[in-house]
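Just so you know, all these numbers are worked out from the coordinates, no wet-lab data involved. Note that the coordinates shown come from a computational prediction; the quantities given were computed from them, not determined experimentally. Cβ placement follows ideal geometry from the backbone for every residue including glycine, while neighbour counts extend to all protein chains displayed.
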Amino acid sequence: MQIKDSKYHKVWKKKEQNGFTKLDLGDSKKNKDGSYTNWSWFDVTVLGNAKNVEVNEGDTIEIKSGIVSKRKYNDKYYDDVIIFEMEIMKKGENNSPSKDGFVDDIPF
């Protein structure tokens, strides 16, 4: 299934694995009663033009192009998510440079 223009994915974790960038993403859906249903996408692979985007933990991204597929392994099904194009919607607070160009990680 194709992913197109899917917004507001929070990057919880970024790691390098076997030469690929993998992201753990948070996502949510607003319910009719005003509450939210939340879930995570684990080990999302970053390929294509998305490899050129400097994404960090805490950022919020829009997936411009990607795919979701199912894979069977040992009689279990797994979801594979691949991002081909993405855009940073909002940099995480810990990733914003201060006025002198250094990241301010002091919590007070």
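Data overview
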| item | result |
| --- | --- |
| Shape category assigned to the stretch 2-92 from the gyration tensor of Cα positions, a/c cut at 1.5 | oblate |
| Those lysines that a straight Cα-Cα span of less than 24 Å connects to K90, excepting residues fewer than 8 apart in one chain | K4, K7, K10, K13, K14, K15, K22, K29, K30, K51, K64, K99 |
| Gaussian network model of the chain, springs between alpha carbon atoms under 10 Å - residue of F84, F20, F42 with greatest fluctuation | F20 |
| Of D24, D33, D80, the one that fluctuates the most in a GNM where the chain has Cα springs shorter than 10 Å | D33 |
| Inter-probe distance in nm under a simple model that places probes 7 Å from Cα toward Cβ, at E54 and M89 | 2.2 nm |
| Alpha-carbon centroids, the stretch 1-42 and the stretch 71-87: separation in whole Å | 13 Å |
| Relative contact order computed over the stretch 2-92 (Cα-Cα under 8 Å; 6+ residues apart), in percent | 32 percent |
